[in-house]
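> Just passing along the structure, written as structure tokens.
Readers should treat all values here as calculations from the given coordinates under stated rules, not as data from a laboratory. The structure displayed is predicted, hence computed values, not measured ones. We place every Cβ from the backbone using ideal geometry, glycine too, and count neighbours over all the protein chains shown.
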Amino acid sequence: MMNIEERLTASVIQVIKSLYGQEIPASMVQLQRTKKEFEGHLTLVVFPFLRISRKAPEQTANEIGACLKQEHPELIAEYNAVKGFLNMTIASDYWIELLNSIQADPNYGKKAVTDSSPLVMVEYSSPNTNKPLHLGHVRNNLLGNALANIMAANGNKVVRTNIVNDRGIHICKSMLAWLKYGNGETPESSGKKGDHLIGDYYVAFDKHYRAEVAELKAKLMAEGMSDEDAQKKAEAESPLIKEAHEMLRKWEANDPEIRALWAKMNEWVYAGFDETYKMMGVYFDKIYYESQTYLEGKEMVLDGLKKGLFYQKDDQSVWADLTPEGLDQKLLLRSDGTSVYMTQDIGTAKLRFQDYPIDKMIYVVGNEQNYHFQVLSILLDKLGFKWGKELVHFSYGMVELPNGKMKSREGTVVDADDLMAAMIQTAKETSAELGKLDGLTQEEADNISRIVGLGALKYFILKVDARKNMLFNPEESIDFNGNTGPFIQYTYARIQSVLRKAVESGIQVPEVIPSGLSLNTKEEDLIQTLADFGVVVNQAATDYNPSVIANYTYDLVKEYNQFYHDFSILREEDESKKIFRLALSANVAKIVKSAMGLLGIEVPDRM
């Protein structure tokens, strides 16, 4: 079924033809929600038709309104003209017809994926294997997961991908510290998750390195060197950093012992990451590793050099000249032949393009990398990737906590596992205080605490426009009132409770809701908001903006709660009204569950 705007647009086109004898394009029909101070649901802007009618705005509006009401009584119940605006009241039976179409479609608002659907690849997470995931990764993963869901809901085939930074000096620092100070410690022997264990050794390296640098610096300054020069020399001459660089050299030379240690420690980290991803509710269809992509990138850059796309300096380093594009010179290979991040990204793109027929590539990466992706887009285009020019950098801002709250084991970075555990614990305490866990088994209470705690975290992060920096406030996010995940989840659970009570009383929601009812304004507004869901899902994909769905869901739930407060459902004496309100409630719950699902948020049946 066409949505109400499409149906009205078609009717207006037809009425203009019969009144004034002219065909008009759909783009001329401008509809908007009627302002609260006027009677009506939708308003038609009449000014574009004045050159056709050759009459005053109000007269033209009245003529169109009268003709619409006469020719489409099933659609238009009343109308009123205010200057060049025609306010139209939609007939009650049309609202019921619209609600029936929403009820009949289990995937209302979403488009089906077909064999000919374009393939969109979404890259998110991109962790390093020298430390656990942190609060920044939480925002990245939640945005990437939501965006992948939204692209799929708009009829795209979606491949979720991750590029793991599993090579480089930072990885060698953890490995070296474990060799020196680890005494063979493993995740099993320590009872720690693998990513936390390796993260601890990364911190240990830094601690010992700083101590070495301080000692060396003091010695050099005692020999008469300036503070700045002594600092630089001490940092470069520290035996630890030299050992780490030697380890990296051996890794790049495929030293079997170093490679075996590297593989073992990385496996520990991946097992830890998997637990975190599972708790967060995110997953990947394909994971790429920089240890496998950087050589591909090198090859492509050298090939580009042969073709004259890049140039080489006297020191043998390879560069791209992007001054014609208004940018600068970009280093692609260092003078010693080692690759930079840009080279790795080119290699990763090559492998992905070999694996999948990508139509659109979306990178979910923080806004500090804006310039990097501007450059990458130009380079991929030069190298012949058809989606290079159009690659999307879904750039997002920083996320921070109010000072001093939820510090992690490292004291500076907020650990993702700690954050999620604290959110679940806070949800459990808050829910228990409010009596929302009364009468539940321990297992049920734990599950609801998990759903509410993680829902609060996800919703609080996703309701903010991704482009903005944000402050995540754990206490505020678990409020059961206001624009929060728990408020939406609680409304869903409340509707499920009403529906259960109806079934216990022997009342079922019919497959087709009977027409002939007179609806109140709140009921009509709710159906209109439900009907907007498809437009919202589409807008979220067009703008790459999951917050559109979060805030739509909040508005829907707020509207439903006002309706619930003002009107009886199960206590309504008129049987047909009771059944209609149950059906309306059931469809609100359906759309809430669908919208929250796009954000990766579960909704509980009881709360």
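> Against the definition (closer than 18 Å to R160 by Cα and among the aromatic types (F, W, Y)), how does Y108 come out, yes or no? Even if it seems obvious, please write down each step before you answer.
On the way: closer than 18 Å to R160 by Cα: no; among the aromatic types (F, W, Y): yes.
Against the criterion (closer than 18 Å to R160 by Cα and among the aromatic types (F, W, Y)), Y108 does not qualify.
> I'd like to check which strands (runs of 3 or more DSSP E) are fully inside segment 5-108 and have at least 2 residues that are surrounded by 19 or more Cβ atoms within 10 Å (Cβ to Cβ).
On the way: elements: 31-33, 42-45, 76-82, 85-90.
Answer list for segment 5-108: 42-45, 76-82, 85-90.
> Continuing with this model, one more query. Only residues that are over 11 Å from the mean Cα position of the chain (by Cα) and surrounded by fewer than 24 Cβ atoms within 10 Å (Cβ to Cβ): list them for segment 138-156, please. Walk me through how you get there before you give the answer.
The initial filter retains those residues of segment 138-156 that are over 11 Å from the mean Cα position of the chain (by Cα), namely 152-156.
Once the filter is applied, which keeps residues that are over 11 Å from the mean Cα position of the chain (by Cα) and surrounded by fewer than 24 Cβ atoms within 10 Å (Cβ to Cβ), segment 138-156 yields A152, N154, G155, N156.
> Give the residue, chosen from I507, I569, I527, I549, that is in contact (Cβ under 8 Å) with a residue 60 or more places away in the chain, within 18 Å of H41 (Cβ to Cβ) and in contact with a helix residue (DSSP H, G or I) (Cβ under 7 Å, 6 or more places away or on another chain). Please lay out each step first, then the result.
On the way: I507 fails: within 18 Å of H41 (Cβ to Cβ); I569 fails: within 18 Å of H41 (Cβ to Cβ); I549 fails: within 18 Å of H41 (Cβ to Cβ).
I527 is the lone residue from the list that is in contact (Cβ under 8 Å) with a residue 60 or more places away in the chain, within 18 Å of H41 (Cβ to Cβ) and in contact with a helix residue (DSSP H, G or I) (Cβ under 7 Å, 6 or more places away or on another chain).
> Taking segment 273-301 on its own, how many of its residues are within 23 Å of the chain's Cα centre (by Cα), in a helix (DSSP H, G or I) and crowded, with 17+ Cβ neighbours inside 10 Å?
Looking only at that region, the number is 4.
> Does segment 491-507 hold any residues that are of a type in the set (S, T, N, Q) and surrounded by 11 or more Cβ atoms within 10 Å (Cβ to Cβ), and which are they?
Here is the first cut: in segment 491-507, the residues of a type in the set (S, T, N, Q) are 491, 496-497, 505.
Listed by number, the residues that qualify are T491, Q496, S497.
> Okay, moving on. Could you check, for segment 578-591, whether at least one of its residues is on the phi < 0 side of the Ramachandran plot, surrounded by fewer than 15 Cβ atoms within 10 Å (Cβ to Cβ) and of a type outside the set (D, E)?
Start the filter on segment 578-591 by keeping residues that are on the phi < 0 side of the Ramachandran plot, which leaves 578-591.
From what's left, surrounded by fewer than 15 Cβ atoms within 10 Å (Cβ to Cβ): none.
Checked segment 578-591: no residue is on the phi < 0 side of the Ramachandran plot, surrounded by fewer than 15 Cβ atoms within 10 Å (Cβ to Cβ) and of a type outside the set (D, E).
> Could you check E215 against (1) of a type in the set (D, E); (2) under 27 Å from P132 (Cβ atoms); (3) assigned to a helix (DSSP H, G or I) and say which number it fails?
In the conditions (1) of a type in the set (D, E); (2) under 27 Å from P132 (Cβ atoms); (3) assigned to a helix (DSSP H, G or I), E215 misses (2) alone.
> So, one more: If I go through segment 423-447 residue by residue, how many of them are crowded, with 24+ Cβ neighbours inside 10 Å, within 13 Å of M607 (Cα to Cα) and touching a Leu at 6+ places or on another chain (Cβ under 7 Å)?
Here is the first cut: in segment 423-447, the ones crowded, with 24+ Cβ neighbours inside 10 Å are 423, 427.
Among the residues that remain, those that are also within 13 Å of M607 (Cα to Cα) are: 427.
Narrowing the set further to residues that are touching a Leu at 6+ places or on another chain (Cβ under 7 Å) leaves none.
Summing the residues that are crowded, with 24+ Cβ neighbours inside 10 Å, within 13 Å of M607 (Cα to Cα) and touching a Leu at 6+ places or on another chain (Cβ under 7 Å) in segment 423-447 gives 0.
Quick grid of which residues meet (1) assigned to a loop (DSSP other than H, G, I, E, B); (2) among the β-branched types (V, I, T); (3) surrounded by fewer than 14 Cβ atoms within 10 Å (Cβ to Cβ):
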{"site": "V269", "(1), (2), (3)": "no, yes, no"}
{"site": "D303", "(1), (2), (3)": "no, no, yes"}
{"site": "G308", "(1), (2), (3)": "yes, no, yes"}
{"site": "L332", "(1), (2), (3)": "no, no, no"}
{"site": "M342", "(1), (2), (3)": "no, no, no"}
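> Among the helices (runs of 4 or more DSSP H) contained in segment 484-570, which hold 3 or more residues that are of a type in the set (S, T, N, Q) and in contact with a Gly (Cβ under 7 Å, 6 or more places away or on another chain)?
On the way: elements: 485-504, 521-531, 533-542, 547-566.
Passing ranges: none, list empty.
> Further, regarding this structure: Please pick out the residue among I478, I488 that is closer than 22 Å to I569 by Cα, touching a residue at least 24 places away in the same chain (Cβ under 8 Å) and either more than 23 Å from the chain's Cα centre (by Cα) or surrounded by 20 or more Cβ atoms within 10 Å (Cβ to Cβ) (or both).
Numbers: I478 fails: closer than 22 Å to I569 by Cα.
Answer to the selection: I488.
> Here's a check for you: in segment 355-376, which residue that is assigned to a strand (DSSP E or B) and of a type in the set (A, V, I, L, M, F, W, C) is nearest to N469 (Cα to Cα)? Step through it out loud before you land on a result.
The first filter runs over segment 355-376 and keeps only residues assigned to a strand (DSSP E or B), leaving 360-366.
In the following step, the residues that additionally are of a type in the set (A, V, I, L, M, F, W, C) were identified as 361-362, 364-365.
Working: M361: 24, I362: 20, V364: 15, V365: 13 Å.
Of everything passing the filter in segment 355-376, V365 is nearest to N469 (Cα to Cα).
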